[in-house]
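Novice: Let me begin by handing over the structure; questions about it come next.
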Amino acid sequence: MVFSSKLPSVGTSIFTVMSGLAREHNAINLSQGFPDFNCDPKLLDLTYKYTTEGFNQYAPMQGAVALREQIALLMQNCYGAVYNPDTEITITAGATQGIFTAIAAFIQKGDEVIIFEPAYDSYTPAVEVNGGIVKPIALDYPGFTINWNMVKNTITDKTRMILINTPHNPSGTTLSENDLQELEKLVTGTNIIVVSDEVYEHMVFDGKAHQSVARFKSLASQSLIVSSFGKTIHATGWKIGYVAAQKELMTEFRKVHQFLVFCVNHPFQLALAEYLKDESVYKDLYVFYQAKRDYFRKLISGSRFTIEPCTGTYFHLLNYKKITEEKDTDYAIRLTKEKGLATIPLSVFSGHQPQQHLLRFCFAKKEETLEKAAEIICTL
């Protein structure tokens, strides 16, 4: 057969590659972002309840009503934002599907989309497969901050979308209130749509507040907010996320959503809706992960790695320049094969940044896993 690939430069994702290497070499896997501990037994009991009570057929296309109502409450409780659960919230098969659907709903051939690198690896392919043109802007290192003058100068009459991510994967940094205000100034009065990837919204540390797009009324009116419960409930394999947007944007979003997945796992949605009635599930999550971050830092404080700032997510960047000048991809592979420790090299999240000698470590792990990993780290 003869055909032309729509994504000719895309191969297997780095997460699949590194997790495969970890299995092959029996390495401690701090690469892919998933916990190695189970979710709350109460939540598991609720899944049993709803599966045995017969909620095993299609959910509504928009998502189970009970879950959409809980999300509306969450957004009001956390951000003071009002979203109509009937017309402005949709349950998705994880955040990646939500991001892809948002891009597919609005990006046409030749439209330009601004993304900030390093960036989660699904952004660029989602734009390109839908005919869009990615306009990457490198985050300033150290700190991984946005140069808003550069953003202003990158915007053209073809700019259709700006994609932001806070808390930021892979850097573990967060956008400030001023950042969101600068973005609001740039897009207000334009036809630019903002897609805000906020999957780590409940993992913001050191007394800071998550600066959701939902907090900024004008900005929220032309934005789609994407989040995921997989991170919040320690169950990434459930692949349940959501998108919130004002009615006109959500109407277009659902046109694509209904033909992409139609609907999401019904009994698990209902279990999640009941579970979220306890607000501490998401409001206190940052305490749990900040303790893990701090414990990981303490364990590796005597190593030769330079510990980068981490104000959100469950990822931590470590700089290895004092250890070796190897490319991060080469060093990550060698660490996995020779030392039994799998990480993610930062350069795979960007096609335009110089080598920064940074590896990403996931600290959403049991204490014993972090201790074993730290033993290796401190010998390097």
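Here, each number is a calculation from the coordinates, and none is a lab measurement. Please read all numbers here as calculations on a predicted model, not as lab measurements. FYI the Cβ positions are ideal-geometry reconstructions off the backbone, even for glycines, and counts take in every protein chain you see.
Novice: At a threshold of 8 angstrom on Cα-Cα distance, excluding pairs fewer than six apart, so keeping six or more, what relative contact order does region 182-230 reach in percent? Display every interim value, and only then the final one.
Specialist: Numbers: 49 pairs, mean separation 24.2, N = 49.
Relative CO of region 182-230 lands at 49 percent.
Novice: Now, a different point. Starting from the Cα gyration tensor of region 149-190, take the square roots of the eigenvalues, sort them a ≥ b ≥ c, and report rounded, prolate or oblate (rounded when a/c is under 1.5, otherwise prolate if a/b is larger than b/c, else oblate). List each step's numbers first, then the result.
Specialist: Values: a/c = 2.34, a/b = 1.68, b/c = 1.39.
Prolate is the answer for region 149-190, as a/c is 1.5 or above and a/b outweighs b/c.
Novice: Right, next: How large is the convex hull of the Cα atoms of region 73-128 per residue, expressed in Å³ as a whole number?
Specialist: 125
Novice: I've got another one for you. Can you list the aspartates and glutamates whose alpha carbon sits under 15 Å from that of LYS42, skipping same-chain ones fewer than 8 residues off?
Specialist: Within the straight-line limit of under 15 Å, LYS42 reaches these aspartates and glutamates: GLU274, ASP278, GLU279.
Novice: Under a point-charge model restricted to the Cβ atoms of Lys and Arg (+1) and Asp and Glu (-1), what is the dipole moment magnitude of the chain relative to its Cα centre, in debye to the nearest 20? Present the calculation step by step, with values, prior to reporting the outcome.
Specialist: Details: 36 positive and 40 negative charges, 80 e Å.
Dipole size: approximately 380 debye.
Novice: List the relative contact order of the chain as a percent without decimals, with contacts defined as Cα pairs under 8 Å and 6+ residues apart.
Specialist: Relative contact order here is 26 percent.
Novice: Let me ask something else about it. Decide, for region 41-281, between rounded, prolate and oblate: order the square roots of the alpha carbon gyration tensor eigenvalues as a ≥ b ≥ c, take rounded if a/c falls under 1.5, and otherwise choose prolate if a/b is larger than b/c, else oblate.
Specialist: Prolate shape, in that a/c is at least 1.5 and a/b is the bigger ratio.
Novice: Can you sort PHE315, PHE296 so the residue with the fewest Cβ neighbours within 10 Å comes first?
Specialist: Arranged by neighbour count, lowest to highest, PHE315, PHE296 become PHE315, PHE296.
Novice: Could you give the distance between the Cα centres of region 31-46 and region 228-305, to the whole Å?
Specialist: 12
Novice: Within a Cβ distance under 15 Å of THR306, other residues only, what is the Lys/Arg minus Asp/Glu net charge?
Specialist: Values: positive: ARG297, ARG304, LYS321, LYS322, ARG360; negative: GLU308, GLU325, ASP328.
That works out to +2.
Novice: Return the subset of LYS231/LYS337; LYS239/LYS277; LYS208/LYS327; LYS109/LYS255 for which the Cα-Cα distance in this structure is over 22 Å, preserving the input order.
Specialist: Flagged as over cut-off: LYS231/LYS337; LYS208/LYS327.
Novice: Running a GNM on the chain with Cα contacts under 10 Å, which residue among LEU341, LEU44, LEU30 ends up with the highest mean-square fluctuation?
Specialist: Result for the chain, Cα springs under 10 Å: LEU44 fluctuates most.
Novice: Compute the Cα gyration tensor for region 1-132, then decide on rounded, prolate or oblate, letting a ≥ b ≥ c be the square roots of its eigenvalues: rounded whenever a/c is under 1.5, prolate when a/b is larger than b/c in the other cases, and oblate in all that remain. Mind dumping the intermediate values first?
Specialist: On the way: a/c = 1.87, a/b = 1.21, b/c = 1.54.
The shape class here is oblate.
Novice: What does the net charge come to around ASP328 if you take all other residues with beta carbon closer than 12 Å to its beta carbon, with K and R at +1 and D and E at -1? Write out the running numbers ahead of the final one.
Specialist: Details: positive: LYS321, LYS327, ARG334, ARG360; negative: GLU325, GLU326, ASP330.
Summing Lys/Arg as +1 and Asp/Glu as -1 gives +1.
Novice: So what's the gap between the Cα centers of region 321-370 and region 92-139, to the nearest angstrom?
Specialist: Taking the Cα centre of region 92-139 as reference, the centre of region 321-370 is 25 Å away.
Novice: Also: Within 12 Å, Cβ to Cβ, of LEU139, how many net charges do the neighbouring residues add up to if Lys/Arg are +1 and Asp/Glu are -1? Please list the in-between numbers first.
Specialist: Details: positive: none; negative: GLU117, ASP140, ASP179.
Neighbourhood net charge equals -3.
Novice: I've got another one for you. Looking at the chain, send over the antiparallel percent of its DSSP beta bridges, to the nearest 5. It would help to have the intermediate numbers written out before the result.
Specialist: On the way: 20 of 41 bridges.
Around 50 percent of the beta bridges assigned by DSSP in the chain are antiparallel ones.
Novice: Sticking with this structure for a sec: Gaussian network model of the chain, Cα springs within a sub-10 Å range: biggest mean-square fluctuation belongs to which of LYS339, LYS365, LYS42?
Specialist: LYS42
Novice: Here is a further query. Greater than 23 Å separation of Cα atoms is the criterion. Which listed pairs, LYS283/LYS365; LYS152/LYS247; LYS49/LYS283, meet it?
Specialist: LYS152/LYS247; LYS49/LYS283
Novice: Take each of the peptides 144-152, 194-202, 49-57, average the number of other beta-carbon atoms within 10 Å over its residues, and list them starting from the highest.
Specialist: By packing density, highest mean first, the sequence is 194-202, 144-152, 49-57.
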